[in-house]
1. Under the definition of Cα pairs under 8 Å and six or more residues apart, what whole-number percent is the relative contact order of segment 7-66?
2. Taking only protein heavy atoms and a 1.4 Å probe, what accessible area per residue, in Å², does the chain have with all protein chains in place?
3. How large, in percent, is the carbon and sulfur part of the accessible surface of the chain at a probe radius of 1.4 Å?
4. Cβ under 13 Å from residue 64's Cβ, residue 64 left aside: what net charge do those residues give with Lys, Arg +1 and Asp, Glu -1?
5. Report, in deg cm²/dmol and to the nearest 500, the calculated mean residue ellipticity at 222 nm for the chain, where each DSSP H run with n ≥ 4 adds -39500 (n - 2.57) and the sum is divided by the residue count.
6. When the gyration tensor of the chain is built from Cα positions, what are the square roots of 5 times its three eigenvalues, in whole Å, from largest to smallest?
Amino acid sequence: DMMVLSESILYVIMYNWSRRDPDAQVKIFGFKFKALYLPWVYVAIRVIMGGGVTEPLLGIAVGHLYYFLIEVLPLTHGYNLIRTPRFCV
């Protein structure tokens, strides 16, 4: 069996977007809230519907690590651990 982590990857993308634009307004099922809370709202909806939280929490954790290494660490300590290769720029 091969484990597919596509759902976790979606949570990584969602978490990073919500951190980069935290004040954006999002509306789900008629409820309006800030984008910062979007990943957690989806986790809550998943729990209410009887799903597991392993994949979403894994995606949020990896997304948080990526956001920290790309956005926070260079600003606070002045160095990048993850750099874009020159041939990609």
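The values are calculated or read from the model by the stated rules, or taken from the named source; none is laboratory data. Computed from a predicted model, the values in this text were never measured in an experiment. Positions of Cβ are backbone-derived with ideal geometry, glycine not excepted, and every protein chain shown enters the neighbour counts. Note: accessible area is taken over every heavy atom of the protein model, side chains too, but ligands, DNA and RNA are not part of it. Shrake-Rupley method; radii C 1.70, N 1.55, O 1.52, S 1.80 Å.
1. On the way: 67 pairs, mean separation 28.0, N = 60.
The normalised contact order for segment 7-66 reaches 47 percent.
2. Working: 6750 Å² over 89 residues.
Per residue, the chain has an accessible area of 76 Å².
3. Values: 4360 of 6750 Å².
Ligands and nucleic acids excluded, carbon and sulfur reach 65 percent.
4. Details: positive: 19, 20; negative: 71.
Value of the local net charge: +1.
5. Details: 4 runs with 45 residues, N = 89.
Here the helix-only value at 222 nm equals -15500 deg cm²/dmol.
6. Details: eigenvalues 144, 69, 23 Å².
Whole-Å semi-axes of the equivalent ellipsoid: 27, 19, 11.
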